[in-house]
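Encoded as structure tokens, the structure appears first; notes follow it.
The values are calculated or read from the model by the stated rules, or taken from the named source; none is laboratory data. This one's a predicted model, so the numbers in the text were calculated from it and none came from an experiment. Quick reminder, even Gly has a Cβ in these numbers, built from the backbone with ideal geometry, and neighbours come from all protein chains shown.
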Amino acid sequence: MEHDLQAVPRSAASVIRPAPVPKVRTLGVLTGGGDCPGLNPAIRAVVGRASQYGIGTIGIEEGWRGLVERLSRPLQYADVEEILPLGGTILGTSRTNPLKDEQSMQAVLRNIADLGLDAVVAIGGDDTLSVAAALTARGIKTVGIPKTMDNDIPLTDYSFGFDTAVTISVEAIERLRDTGRSHRRVMVLEVMGRYTGWVALWSGLAGGADWIAIPEVPLDLDEVCEHLKGLHGRGKRYAVVVTSESVDIPGLTGDGTGKDEFGHEELQKRGVGPFLADEIQRRTGFETRATVIGHVQRGGSPTVFDRILATRLGVAAADLIGQGVYGKMVALQKNEIVPVDLSALAGQQKRVPRDLYDMAKTFFR
């Protein structure tokens, strides 16, 4: 991933001093969905920038659940000044979906009014942002900030959390390569990514994997095993295979045994990595082991890229509110932070294009 930190564009509010009497006096900020590194830098940026407009901030705890059950606390800049390097989210998070019933939505609307919130900043993935879009349609001044380690949110080049997750996965690949080389084994690494293969592809490319399996490309087990036999035949007695958690494998019957409130499977329970390792060992005779790093990818201090991206997005979100622009998500496009309509995200998912995967196969040799 290119990390261009030079000549970062500044929003208009960076040049023009914010108006002393804002249209919005208090905003609420929440983090929803799965946690990932970069959430705290984004919260810090929203609070810091909003204060320049004279806008106060109330932190909504536990994602959308906080607006259903009225869980909140005021945030001053002193409360967030030191959270830049912290993983997770100081506000807590949940996968609560108030769109599931009208009673929950009415509770959200009522608590927004009772808390005196003139606007809401929602930091989250496509599920969290879908609720933000619904609130916009109901007249609530809402701005979204995209976050997901899966990098599957459309209309933005990258979302924060992704770079950190890939960095952790690459470290795992390098460690697995050491033990694979020592024991002459095939090492299979299962990574997260939900229904797209961005984490697996970027991790495998950066870590020099011998094969990468992603949900966008049907997996041919015969092709994989013949490739591994070829490596063995030319003297490479070990290999590293990276697979995304949602890959379909012929013969795999397990599925996510639970679903969240947005209807998503618990993909880690499908057992893709262990099943793939068993199939490789059965078909090739090579000793094979599987490693599932799971939630390890979500935690820890964010990388420099994720800290900067989260900060830029948080500032841009507060700028939109300070300038009276709502119903938008702030997005990274060609190193510029631009607003896009929240409504444009509905039903979309950013998937790995085939040409990127074909490029990666250059190194399966």
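Structure above, values below:
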item	result
Options T128, T57, T96: the member that is polar (S, T, N, Q), buried (at least 20 other Cβ atoms within 10 Å of the Cβ) and part of a loop (DSSP other than H, G, I, E, B)	T96
Residue satisfying all of: in region 295-334; within 18 Å of the chain's Cα centre (by Cα) and of a type in the set (S, T, N, Q); modelled with the lowest pLDDT among these	Q297
Number of positions in region 118-131 that are within 27 Å of the chain's Cα centre (by Cα) and closer than 20 Å to I55 by Cα	5
Residue selected from region 344-365 under the condition surrounded by fewer than 15 Cβ atoms within 10 Å (Cβ to Cβ) and among the basic types (K, R), by the criterion farthest from D118 (Cα to Cα)	R365
Selection within region 28-71 - among the small types (G, A, S) and in contact with a helix residue (DSSP H, G or I) (Cβ under 6 Å, 6 or more places away or on another chain)	G32, G33, G38, A42, A45, G48, A50, S51
Residue in region 160-180 that is outside any helix (DSSP H, G or I), touching a Leu at 6+ places or on another chain (Cβ under 9 Å), modelled with pLDDT of 95 or more and under 21 Å from A45 (Cα atoms) present	yes
Total residues in region 103-123, condition under 12 Å from I140 (Cβ atoms), buried (at least 16 other Cβ atoms within 10 Å of the Cβ) and among the small types (G, A, S)	2
Qualifying positions in region 331-343 - surrounded by 13 or more Cβ atoms within 10 Å (Cβ to Cβ) and under 14 Å from P154 (Cβ atoms)	A331, L332, V338, V340, D341, L342, S343
Index of the failed condition, A318 passing every other in (1) in the same structural domain as G38 (by TED's automatic domain parsing); (2) part of a strand (DSSP E or B); (3) crowded, with 20+ Cβ neighbours inside 10 Å	(2)
Pair list, Cβ under 8 Å, 6 or more apart: region 331-347 residue in a strand (DSSP E or B), other residue of a type in the set (D, E)	A331/D157; L332/D157; Q333/D157
Scan of region 61-120 for residues that are within 22 Å of G322 (Cα to Cα) and among the charged types (D, E, K, R), ordered by number	R73, D79, E81, D114, D118
Selected residue [buried (at least 24 other Cβ atoms within 10 Å of the Cβ) and of a type in the set (K, R)] from R73, R49	R49
The lone exception for R184 - which of (1) more than 17 Å from the chain's Cα centre (by Cα); (2) crowded, with 18+ Cβ neighbours inside 10 Å; (3) in contact (Cβ under 8 Å) with a residue 60 or more places away in the chain it fails	(2)
In region 241-260, residue modelled with the highest pLDDT [restricted to those that are part of a loop (DSSP other than H, G, I, E, B) and of a type in the set (S, T, Y)]	S246
Residue tally, condition surrounded by fewer than 22 Cβ atoms within 10 Å (Cβ to Cβ), at negative phi, more than 20 Å from the chain's Cα centre (by Cα) and not hydrophobic (A, V, I, L, M, F, W, C), over region 208-239	13
Candidate set: region 341-360, residues that are in contact with a Pro (Cβ under 9 Å, 6 or more places away or on another chain) and not basic (K, R); chosen: the one nearest to L201 (Cα to Cα)	V352
Filtered residue count, region 240-254, keeping only those that are exposed (fewer than 14 other Cβ atoms within 10 Å of the Cβ) and either closer than 17 Å to T284 by Cβ or touching a His at 6+ places or on another chain (Cβ under 8 Å) (or both)	2
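Here is a yes/no grid of residues against (1) in contact with a helix residue (DSSP H, G or I) (Cβ under 6 Å, 6 or more places away or on another chain); (2) buried (at least 16 other Cβ atoms within 10 Å of the Cβ):
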residue: K269; (1), (2): no, no
residue: G273; (1), (2): no, yes
residue: R283; (1), (2): yes, yes
residue: V292; (1), (2): yes, yes
residue: T311; (1), (2): yes, yes
residue: G327; (1), (2): yes, yes
